[in-house]
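Structure first, then comments.
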Amino acid sequence: MLESKINIALFFGGRSAEHEVSLLSARSIFQAFDQEKYNIFPVAISKNGFFRSLDISKKILFSDLKSVPEVNRDNIYLKKY
């Protein structure tokens, strides 16, 4: 019998003083999950409270950024990634 993977949303960042710690923790948590058992969907939240897309969230999680970039109308799509 084929067992399906469990889906998990991994939220990080946000409007907190612990924003940077959250990003570091999310990286560690992501690496600790068994990729054979779980589908992990990272969800980055900018310091000004915007939720980022799955693609951008993955890029942020796997980058060397220290925080989730803030969103404004000039960079809402973050084409620089």
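We did not get these values from a lab; they are worked out from the coordinates using the rules stated. Everything numeric here is computed off the predicted structure, so don't read it as measured data. Note: ideal-geometry Cβ built from the backbone for every residue, glycine included; neighbour counts use all protein chains shown.
Sorting L24, L61 from the fewest to the most surrounding beta carbons within 10 angstrom yields L24, L61. Kindly work out what percent of the DSSP beta bridges joining two residues of the chain are antiparallel, to the nearest 5. Looking only at bridges with both residues in the chain, the antiparallel portion is about 10 percent.
Each of S46, S63 was scored by other Cβ atoms within 10 Å of its Cβ. Arranged with the fewest first, they read S63, S46. Note on the chain: the C-alpha convex hull projects to 5.7 nm² when averaged across all orientations.
Of all the stretches in the chain, which is the longest one without any exposed loop site, taking trypsin sites (Lys or Arg not before Pro) in a DSSP loop (any state but H, G, I, E, B) with at most 12 other Cβ atoms within 10 Å? Between the exposed loop sites, the longest stretch runs 38-65.
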